[in-house]
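The values are calculated or read from the model by the stated rules, or taken from the named source; none is laboratory data. Here the structure is a predicted model, which means the values were calculated and not measured. All Cβ positions, even for glycine, are placed from backbone atoms using ideal geometry, and neighbour counts span all protein chains on display.
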Amino acid sequence: MKNKLIILMMVAALPFSSLACDICGCGVGSYYLGILPEFSDKFVGLRYQSKLLTTHLGPSGERTPLSSDESYQSIEAWGAWNFGSRWRVMAILPHNFNSRELENGSLSGEKDGIGDVVAILNYKLFESRITTGSSKLLAHSLWLGAGVKAPTGRYEDGEQLMPDSPNNFQLGSGSTDFLVNAAYDIRLMDFGVNVNASYKLNTENQYDYRYGNKFTGNLLAYYKFNIKQKVRIDPNVGLLYETQQQDLLYGKYEVYQSGGQLLSNVVGVEVNVGQFSFGSNYQMPISQSLANDRAWAGNRLMTHVSFNLRGKKKEESLFGM
């Protein structure tokens, strides 16, 4: 059943084409939003995410008998609702599928279940649209927001192979965590640039474990193509940067194989047809230093299909936080 659901999501999105724990992108990893589908008042949809990770590498990054190849996939129900002209609330409910295979090829474990639910409230600080001296439309906007992540996903104490090893193989963090974010978008006619940043403050769970706080920032350039005013195609390309502090055990002991930084290329596309939106983006690491070089992140894929619950879409860009 799990494989059928994953294949269904990929088939739906591919023709049109990250919050709790370690930066490496595990089952309780970052809620990366990317570019939101354009909508007037509200939308609902499904997203699929796939992330690959190799852990328990040797001191120089080499594979060892303890090395494991891990896969973190999720299917997420998500949606957003605008209140008035300045407020927007978004919610994400993930269902995670984790699998881990040891160096000798044996399957070391599988997990699946509900992940941690997140809700984000955003406020539009300003929005401006002017006509330049060359009669071109220049539009820009700034959104600020804050959110909370609830510990609805299962956290299993003792999952780590060793006290200083990665604690990635979880469905949830077991902690209530908080987020703040800002998103700035500027567009001249059909070409635009989107910059957004977020910071996640994690708290300690009941097992005295706290995942490191995390900063995420991305810069995306996009261009809008309109086909007979019925279909809009928005290819986008840019960079995604993530950095996370080391995890803490009992409030004072740093977990050696945790934290780090990751810089990735992002290539994606969004397609709007009437009230439907389809999209996909692919993230390719270009520089990384994770878990004191004891972990290696692979490529990531994110796809979605969404439905705008009101008729005509706004003309301005409504991008991710």
Within the stretch 264-321, of all residues that are closer than 16 Å to Leu219 by Cα and assigned to a loop (DSSP other than H, G, I, E, B), the one modelled with the lowest pLDDT is Met321
In the stretch 249-263, anything crowded, with 21+ Cβ neighbours inside 10 Å and part of a strand (DSSP E or B) is listed as Gly260, Leu262
Here, strands (runs of 3 or more DSSP E) confined to the stretch 201-248 with at least 1 residues that are at pLDDT below 95 and in contact with a Phe, Trp or Tyr (Cβ under 7 Å, 6 or more places away or on another chain) are 214-223, 231-244
Screening Gly172, Gly217 for residues that are surrounded by 15 or more Cβ atoms within 10 Å (Cβ to Cβ) and more than 17 Å from Asp157 (Cα to Cα) leaves only Gly217
Picking from Ala183, Ala119, Ala146, the residue that is under 20 Å from Leu220 (Cα atoms), outside any loop (DSSP other than H, G, I, E, B) and out of contact with any Pro (no Cβ under 8 Å at 6 or more places or on another chain) would be Ala183
Flagged in the stretch 233-269 as small (Gly, Ala, Ser) and touching a Ser or Thr at 6+ places or on another chain (Cβ under 7 Å), in numbering order, are Gly260, Gly268
Scanning the stretch 57-86 residue by residue, those buried (at least 21 other Cβ atoms within 10 Å of the Cβ), more than 16 Å from the chain's Cα centre (by Cα) and either on the phi > 0 side of the Ramachandran plot or modelled with pLDDT of 90 or more (or both) turn out to be Glu70
When the stretch 87-110 is checked residue by residue, the ones that are hydrophobic (A, V, I, L, M, F, W, C), surrounded by 17 or more Cβ atoms within 10 Å (Cβ to Cβ) and farther than 18 Å from Lys149 by Cβ are Phe97
Per the filter on the stretch 52-77, residues touching a Lys or Arg at 6+ places or on another chain (Cβ under 6 Å) and not in a loop (DSSP other than H, G, I, E, B) are Ser68, Glu70, Tyr72, Glu76
Filtering the stretch 213-249 down to residues that are under 16 Å from Tyr282 (Cβ atoms), out of contact with any Lys or Arg (no Cβ under 8 Å at 6 or more places or on another chain) and of a type outside the set (Val, Ile, Thr) yields Asn218, Leu220, Ala221, Tyr222, Pro235, Asn236, Gly238, Leu239, Leu240
Per the list (1) among the small types (Gly, Ala, Ser); (2) in contact with a Gly (Cβ under 7 Å, 6 or more places away or on another chain); (3) in a strand (DSSP E or B), residue check on Gly153 breaks on (3)
